[in-house]
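Enquirer: Right, I'll just put the structure down here and ask away after.
Only the coordinates and a few stated rules stand behind these numbers; no lab work does. Small disclaimer: the values here were computed from a predicted structure and weren't measured. For neighbour counting, all protein chains shown are included, and Cβ atoms are generated from backbone atoms with ideal geometry for every residue, glycine included.
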Amino acid sequence: MVEGQEYHLEVPQEAEGQRLDQFLTNRSLYLSRSRVQHLIESGQVLVNNKTRRSSYRVRTGDVIEMHIPPPEETTLVPEEIPLDIIYEDEDLLVVNKPQGMVVHPAAGHWRGTLVNALINHCTQLSGINGCLRPGIVHRLDKDTTGLLLVSKTDLAHQELARQLKERKIKRIYLALVVGEVKEERGMIDAPIGRDPRERKRMAVLSPATAGAREARTHYWVRERFDGFTLLEVALETGRTHQIRVHLAYAGYPVAGDPVYGPRRNPLSLPAQALHAYKITFQHPRTGELLSFEAPLPQVFAETLEQLRKS
């Protein structure tokens, strides 16, 4: 699917009963569910020539028309913010995001974002994710540090999004957690969705709960300390706050996490000790397998040294 075009889809029998937003997301290589929902809400999607809500359950034979508007001219302000660029070529960048930097503009964060820095650095970024998220293939939380992929062209974006959706991009994180993890490795398989009691948080939900989406997180012990454990964590799925929610659910919250961690912060960390340190993917144009690592931020590294000494 390409921006600025019309698409006509007919619902096959095997998709009977799916939500409209789920059906369209499953058939797109790059459109996120939130983007699809925005298209539905803005009247860009018709089912049998009628507008429907995202929650509409599609039926076999339904004819769906979807218009994807071309990227809008961005009104973002380029800002001269230093970027830690691990790799760059004509198709993409790999950026090491610092703690405290928001990835893209949103309410309350219109300046100082990674996107503001990128549009100052690059003459071109992909427009697939709309005018406020140029080039952004995937995201990290504001206070999570580490590696992010950024696409410069729509073709690169589509290919990277395909790899992400097919789980071919490998992302490895380092997480310092509260508690001494007993097993050497494990996997958390628990659906995640919006917390029904506090909408700004995510939570593990029953599979039957509306909005619950499958989520799987793999982890293994890298180093043990008195009262803490350093884990390597790999995402099989990519839900909002997935690592933080899953580890807290397992009884090992990320140290310093102000949302899902304990109220007491014995290490005096400024934010969650979570770092996306390694990413592996195929180059979207050449097919070459690329792998990059980013060193731990200073505060994280110093905290580990203090734990080793104690």
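Enquirer: Can you bin the range 72-166 into rounded, prolate or oblate? Criterion: square roots of the alpha carbon gyration tensor eigenvalues sorted a ≥ b ≥ c, rounded for a/c under 1.5, prolate for a/b above b/c, oblate for the rest.
Expert: Numbers: a/c = 1.40, a/b = 1.20, b/c = 1.16.
The shape class here is rounded.
Enquirer: By how many degrees, 0 to 90 and rounded to 10, does the Cα axis of helix 298-309 deviate from the longest principal axis of the chain?
Expert: With both axes taken from Cα atoms, the answer is about 40 degrees.
Enquirer: If r is the Cβ-Cβ distance from Thr286 to Arg213 and R0 is 51 Å, what FRET efficiency results, to the nearest 0.05?
Expert: Between Thr286 and Arg213 the formula returns 0.95.
Enquirer: While we're on this one: Most fluctuating residue of Pro98, Pro78, Pro266 in a GNM of the chain with Cα springs under 10 Å: which is it?
Expert: Pro266
Enquirer: How many angstrom lie between the C-alpha centres of the range 36-68 and the range 250-310?
Expert: The distance from the Cα centre of the range 36-68 to that of the range 250-310 comes to 40 Å.
Enquirer: Moving on to the next point. In units of 2.2 N^0.38 Å, what is the alpha-carbon radius of gyration of the chain? If you can, show how the numbers build up before the last one.
Expert: Working: Rg = 20.4 Å, N = 310, 2.2 N^0.38 = 19.5 Å.
Against the compact-globule rule of thumb, the ratio is 1.05.
Enquirer: Which value, in debye to the nearest 20, gives the size of the charge dipole of the range 72-166 about its Cα centre, when Lys and Arg are +1 and Asp and Glu are -1 at the Cβ? Intermediate results must be reported in sequence, preceding the final value.
Expert: On the way: 8 positive and 14 negative charges, 72 e Å.
Dipole about the Cα centre, nearest 20: 340 debye.
Enquirer: What value in Å³ per residue do you get for the convex hull of the alpha-carbon atoms in the range 5-68?
Expert: Values: hull volume 4.4 nm³, N = 64.
Hull volume over Cα atoms, normalised by residue count, gives 69 Å³.
Enquirer: Now for a separate question. Which of the trypsin sites (Lys or Arg not before Pro) found in the range 227-277 are in a DSSP loop and have at most 10 neighbouring Cβ atoms, other than their own, within 10 Å?
Expert: Numbers: sites: Arg239, Arg244, Arg263, Arg264; in loops: Arg239, Arg263, Arg264.
Counting only loop positions with at most 10 other Cβ atoms within 10 Å, the trypsin sites (Lys or Arg not before Pro) in the range 227-277 are Arg263, Arg264.
Enquirer: Given contacts defined as C-alpha pairs under 8 Å and at least six residues apart, what's the relative contact order of the chain, whole-number percent?
Expert: Values: 634 pairs, mean separation 43.8, N = 310.
Relative contact order, the chain: 14 percent.
Enquirer: Right, here's the next one. Cα-Cα over 32 Å: which of Lys50/Lys97; Lys142/Lys309; Lys165/Lys309; Lys50/Lys170?
Expert: Over 32 Å apart, Cα to Cα: Lys50/Lys97; Lys165/Lys309; Lys50/Lys170.
Enquirer: List the relative contact order of the range 262-310 as a percent without decimals, with contacts defined as Cα pairs under 8 Å and 6+ residues apart. Mind dumping the intermediate values first?
Expert: Working: 28 pairs, mean separation 14.4, N = 49.
Computed value for the range 262-310: 29 percent relative contact order.
Enquirer: Still on this structure: Starting from the range 184-281, pick out the GluC sites (Glu not before Pro) whose DSSP state is loop and whose Cβ has at most 11 other Cβ atoms within 10 Å.
Expert: Values: sites: Glu184, Glu198, Glu214, Glu223, Glu232, Glu236; in loops: Glu184, Glu198, Glu214, Glu236.
For GluC sites (Glu not before Pro) across the range 184-281 that sit outside H, G, I, E and B with at most 11 neighbouring Cβ atoms in 10 Å, the list reads Glu184, Glu198.
Enquirer: Label points 7 Å out from Cα along the Cβ direction at Glu223 and Ser268: separation in nm?
Expert: Simple spin-label model gives 2.0 nm for this pair.
Enquirer: Can you put His138, His275 in order of Cβ neighbours within 10 angstrom, beginning with the fewest? It would help to have the intermediate numbers written out before the result.
Expert: On the way: His138 19, His275 25.
Going from sparsest to densest Cβ surroundings: His138, His275.
Enquirer: Residue separation times 0.36 nm, minus the C-alpha to C-alpha distance between Gln13 and Thr51: what's the value? The partial results should precede the final answer.
Expert: Details: separation 38, 0.36 × 38 = 13.68 nm, distance 2.13 nm.
Length gained between Gln13 and Thr51: 11.6 nm.
Enquirer: Based on Cβ point charges of +1 for Lys and Arg and -1 for Asp and Glu, what charge dipole magnitude is obtained for the chain about its Cα centre, in debye rounded to the nearest 20? Working shown, then result.
Expert: On the way: 40 positive and 39 negative charges, 234 e Å.
That gives a dipole near 1120 debye.
Enquirer: Continuing with this model, one more query. How would the range 192-310 be classified by its alpha-carbon gyration tensor: rounded, prolate or oblate, with rounded meaning a/c under 1.5 and the a/b versus b/c comparison settling the rest?
Expert: Verdict is oblate for the range 192-310.
Enquirer: A follow-up question, please. Kindly express, to the nearest 10 degrees and within the range 0 to 90, the angle between helix 154-165's C-alpha long axis and the longest C-alpha principal axis of the chain.
Expert: Roughly 60 degrees between the two axes.
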